[in-house]
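Colleague: A single structure is presented below for examination.
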Amino acid sequence: MLLGFIIIYLLVTLLIGWWASRRVHSTKDFVIAGRQLPLMIAATALFATWFGSETLMGASSEFIEGGLIGVVEDPFGAALCLILVGAFFARKLYRLNILTFSDFFKQRFSRQAEFISAIFLVPSYFGWIAAQLVAMAIILQTLTGMSFVTGIAICTVVVLIYTYIGGMWAVSITDFVQTIMILVGLLILAYSVNQQAGGFEKVMASTPEGFFRFTPNPDLTSIVEYFAAWITIGLGSIPQQDVFQRVMAAKSESVAVKASYLSGFMYLTIAFIPLYIGLCGKVLYPELLEGDPQMVLPQMVLQHGSTFLQIMFFGALLSAILSTTSGAILAPATVIGENLVKPYFKNLSDAQLLQIMRFGVVGVAISSAFMAGWNTNIYELVGQSSALSLVSLFVPLAAGLYWRKASNLGAMLSMLIGMAVWIPCEIIGTEIPSIIWGLLASIFGMLVGSFWKPDTTHQSLQHQSLANENA
């Protein structure tokens, strides 16, 4: 019965994608849903950006093993990112009426900056997508006994089909439906395991001393690592194309801002449900901790839950994974078409560009599927993805929006030096987290380049925006 439900659910998802495809007539429809999303759909789309396998399986296992301080990166850092987007980025970026972050780099700096940002932006998604494929494969392997590779292939094909045909319309509508499934499924499961574990007070009493500590130890290394955990997704995911597309898909500037705040609140509250479920599982079935901690929740439900609970939980889990994967595949495919292919073909029609983006969806999905076979740790895959964009793209984005003196040379040095420092630090392994060194190097590159060679002929982005509005 459970397997039958999963098959039906996947088929319904494909039908939604097919229905949404009827609204795709241009690249604007495909990339940002024609800028027509109302508040609730825009908010659920933003909420679903990262609420996938990392939150349900990765973060819950980290919480069980390391306590509250172990999940600073997600959900706290992820919620922080959405709130910061609403406070400082959504309004300014929405006014520019662009399709990608790399369009911003071209408009604010140069074609060279656009190209470099696109080159760094595209591979930052492979780890994120791979994490979702790993989770889906683990689920299918657990439920059916099929091989891990076959599970990855099935998940890739399903998400690929509805993202290919429906673009952001399919992503947004399925995100809305899947968010409802996530919330209902998790609430029912949380209530059930809470009752089995003896209630909230008993579960809380079972935790060791210091389990809910949320501040670091008073030494420099711990403080720096704590700060790094906050900014990995908190700042690193701000210059991510999937977040940007969801913001730009809102039907107005005001809706874009409100959706960012609402999704941040949703993420922070709903994400605590799987953490609590994991804690109940630790009380009820401590023997499950001896295996893969990422599988505590699925195994707990599969071995000890009723058929109804299994359907609700795995429905929520599938919803979270599919919604995250679809947006993550669409984002780099958009950048490939808009910023890496289009500039070299002056007579490219909109229909041809749309087809290139769809081909990009296929290429990104296949590349991520291969990566999923190399690393099966969900939490690590997601962290690596956000770190890449943090050390290369965050500083030039923020400086380009808020610092009038930020120059083209500064932007390019910021991206290149940030990556050049982060990669060897990541490989060697430094006592201070490598993203801190990469971020500091990126700031250094922006300052040196901007003061060394200022843009004397470049009009500020703020003035350009006002000129566009007046026109």
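Colleague: Could you tell me whether segment 218-226 includes any residue that is closer than 30 Å to V391 by Cβ, touching a residue at least 40 places away in the same chain (Cβ under 8 Å), surrounded by fewer than 15 Cβ atoms within 10 Å (Cβ to Cβ) and not hydrophobic (A, V, I, L, M, F, W, C)?
Modeller: yes
Colleague: Within segment 277-293, does at least one residue satisfy the condition of being buried (at least 18 other Cβ atoms within 10 Å of the Cβ), farther than 18 Å from D74 by Cα, out of contact with any Cys (no Cβ under 6 Å at 6 or more places or on another chain) and of a type in the set (F, W, Y)?
Modeller: No, there is no match, as no residue in segment 277-293 is buried (at least 18 other Cβ atoms within 10 Å of the Cβ), farther than 18 Å from D74 by Cα, out of contact with any Cys (no Cβ under 6 Å at 6 or more places or on another chain) and of a type in the set (F, W, Y).
Colleague: If you go through segment 113-141 one residue at a time, how many are over 19 Å from the mean Cα position of the chain (by Cα) and closer than 30 Å to E253 by Cβ?
Modeller: 4
Colleague: If a residue must be open to solvent by 50 Å² or more (accessible area, probe 1.4 Å), of a type in the set (S, T, N, Q) and either in contact with a strand residue (DSSP E or B) (Cβ under 8 Å, 6 or more places away or on another chain) or part of a helix (DSSP H, G or I) (or both), how many such residues does segment 132-155 contain?
Modeller: 3
Colleague: List every residue pair whose Cβ atoms lie under 7 Å apart, where the two residues are 6 or more positions apart in sequence or sit on different chains, the first residue falls within segment 167-187 and is within 16 Å of D242 (Cβ to Cβ), and the second residue, located anywhere, is among the polar types (S, T, N, Q) and surrounded by fewer than 24 Cβ atoms within 10 Å (Cβ to Cβ).
Modeller: Between residues of segment 167-187 that are within 16 Å of D242 (Cβ to Cβ) and residues that are among the polar types (S, T, N, Q) and surrounded by fewer than 24 Cβ atoms within 10 Å (Cβ to Cβ), the close pairs are A170/S21; T174/T13.
Colleague: Here is a follow-up. Collect the residues in segment 404-443 that are buried (at least 17 other Cβ atoms within 10 Å of the Cβ), over 25 Å from the mean Cα position of the chain (by Cα) and in a loop (DSSP other than H, G, I, E, B), keeping them in residue-number order.
Modeller: A406, S407
Colleague: Tell me yes or no: at least one residue of segment 165-182 is under 25 Å from G337 (Cβ atoms), open to solvent by 20 Å² or more (accessible area, probe 1.4 Å) and not in a loop (DSSP other than H, G, I, E, B).
Modeller: For segment 165-182, residues under 25 Å from G337 (Cβ atoms), open to solvent by 20 Å² or more (accessible area, probe 1.4 Å) and not in a loop (DSSP other than H, G, I, E, B): present.
Colleague: Related question: Go through segment 193-217 and report how many residues are under 16 Å from K282 (Cα atoms), open to solvent by 80 Å² or more (accessible area, probe 1.4 Å) and part of a loop (DSSP other than H, G, I, E, B).
Modeller: Of the residues in that region, 2 qualify.
Colleague: Can you name every residue in segment 312-354 that is assigned to a helix (DSSP H, G or I), more than 19 Å from A118 (Cα to Cα) and open to solvent by 10 Å² or more (accessible area, probe 1.4 Å)?
Modeller: Answer for segment 312-354, where residues must be assigned to a helix (DSSP H, G or I), more than 19 Å from A118 (Cα to Cα) and open to solvent by 10 Å² or more (accessible area, probe 1.4 Å): M312, D350, A351, Q352.
Colleague: Hey, another quick one. Looking at segment 224-269, which of its residues are among the acidic types (D, E) and either within 16 Å of the chain's Cα centre (by Cα) or closer than 28 Å to E114 by Cα (or both)?
Modeller: Of everything in segment 224-269, those that are among the acidic types (D, E) and either within 16 Å of the chain's Cα centre (by Cα) or closer than 28 Å to E114 by Cα (or both) turn out to be D242, E253.
Colleague: A further question follows. For segment 355-374, which residues satisfy the criterion of being within 17 Å of F115 (Cβ to Cβ) and of a type outside the set (A, V, I, L, M, F, W, C)?
Modeller: G360
Colleague: Follow-up. Quick check: anything in segment 446-468 out of contact with any strand residue (DSSP E or B) (no Cβ under 7 Å at 6 or more places or on another chain), within 25 Å of D74 (Cα to Cα), at pLDDT 90 or above and assigned to a helix (DSSP H, G or I)?
Modeller: Checked segment 446-468: no residue is out of contact with any strand residue (DSSP E or B) (no Cβ under 7 Å at 6 or more places or on another chain), within 25 Å of D74 (Cα to Cα), at pLDDT 90 or above and assigned to a helix (DSSP H, G or I).
Colleague: Here's a follow-up. Answer yes or no as to whether L268 is under 30 Å from I98 (Cβ atoms) and surrounded by fewer than 19 Cβ atoms within 10 Å (Cβ to Cβ).
Modeller: The answer is yes for L268.
Colleague: Here's another thing I want to ask about it. Go through (1) open to solvent by 10 Å² or more (accessible area, probe 1.4 Å); (2) at pLDDT 90 or above; (3) closer than 24 Å to K28 by Cα and name the single condition L160 misses.
Modeller: Exception for L160: condition (2).
Colleague: If you go through segment 66-85, how many residues are touching a Lys or Arg at 6+ places or on another chain (Cβ under 9 Å) and either open to solvent by 20 Å² or more (accessible area, probe 1.4 Å) or over 21 Å from A229 (Cα atoms) (or both)? Before the answer, list the steps.
Modeller: Of segment 66-85, the ones touching a Lys or Arg at 6+ places or on another chain (Cβ under 9 Å) are 67-69.
Filter again for either open to solvent by 20 Å² or more (accessible area, probe 1.4 Å) or over 21 Å from A229 (Cα atoms) (or both), leaving 68-69.
The total comes to 2.
Colleague: Can you find a residue that is assigned to a loop (DSSP other than H, G, I, E, B), at negative phi and crowded, with 19+ Cβ neighbours inside 10 Å anywhere in segment 17-28? I'd like the intermediate steps shown before the answer.
Modeller: Applying the first criterion (assigned to a loop (DSSP other than H, G, I, E, B)) to segment 17-28 yields 22-26.
Filter again for at negative phi, leaving 22-26.
After this cut, where a residue has to be crowded, with 19+ Cβ neighbours inside 10 Å as well, the list is 24.
Yes, segment 17-28 contains at least one residue that is assigned to a loop (DSSP other than H, G, I, E, B), at negative phi and crowded, with 19+ Cβ neighbours inside 10 Å.
The values are calculated or read from the model by the stated rules, or taken from the named source; none is laboratory data. Predicted, not measured: the structure shown is a model, and the values here were computed from it. We place every Cβ from the backbone using ideal geometry, glycine too, and count neighbours over all the protein chains shown. Quick note on the areas: whole protein, heavy atoms, side chains included, nothing else; ligands and nucleic acids left out. Shrake-Rupley method; radii C 1.70, N 1.55, O 1.52, S 1.80 Å.
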